[in-house]
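Some notes on the structure that comes next.
Each value in this text was obtained by applying a stated rule to the coordinates, not by laboratory testing. Because the structure is a prediction, the values reported are computed rather than measured. A quick note on method: Cβ atoms are made from the backbone with ideal geometry, for glycine too, and the neighbour counts reach across all protein chains shown.
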Amino acid sequence: MKFINKYRFQLKIALFAFLFALLLVLDIVTKYIAFHNLNQFEAFTAIPYLFNFTLVFNKGAGWGMLADQKVFLCLTSAILGTAILVFLIYRFKKLKLPVIIALVLMVAGAYGNLIDRIGYAASLGIYKEGVIDFLQFAFWTSFPVFNLADSYLVIGIFILIIYAIVLFINEHLDKKKETVVKTEISDEELAQRIADKKDEINNE
């Protein structure tokens, strides 16, 4: 117990470093499995009415935007991932748990796709054809096929948005409580003044 208390901060960093590594490895492994076991554009039902597995090579960003802009997309992923990572490291002590989890997810997502994009730019291994996507919504087939790295980014952003909304609501409620308390104090002061005035009149 003393050891945990003494090294609580270091253990916290190690835990989230492990989470980042685990997320990144999961992304890499699932892409490898998809590449070797799925046929391109052929949908395989994973969860009926929810998810399909279908192999697609994305040469750009979402919805095929910026297709074949290899260097630009590599730089974008690298800058985004590194910027979030640096912010996370320098602000780690002051950040709340939901924010840390969200940022770890986003870093893993950015670097996960960066690996694919570097491989695509350099024509290496399984990444020669582009970023490997394999997850498809069965109920929304027109939505772009995606991968775990994409999911990490979206979930991270979603957590930050929800956290910001909750924070805003709590701050608004706190201000409202402060206003009510101030009003109650003012009423009490007013009642006291009226009572004092009555005492003055009676004394006269």
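Couple of notes before you dig in:
- Between Q10 and I169, the FRET efficiency estimated from the beta carbon spacing at R0 = 30 angstrom works out to 0.30.
- Footprinting exposure proxy for D68, D150 (fewest neighbouring C-beta atoms within 10 Å first): D68, D150
- Estimated FRET transfer efficiency when R0 is 30 angstrom, pair L124-S151 (beta carbons, to 0.05): 0.80
- Chain lengthening between F41 and L22 when straightened (0.36 nm per residue, less Cα-Cα): 4.0 nm
- Label-point separation, Y90 to F72 (7 Å along Cα→Cβ), nm: 2.8 nm
- Too-long pairs where the Cα-Cα distance tops 21 Å, listed order kept, from K31/K128; K94/K175; K12/K94: K94/K175
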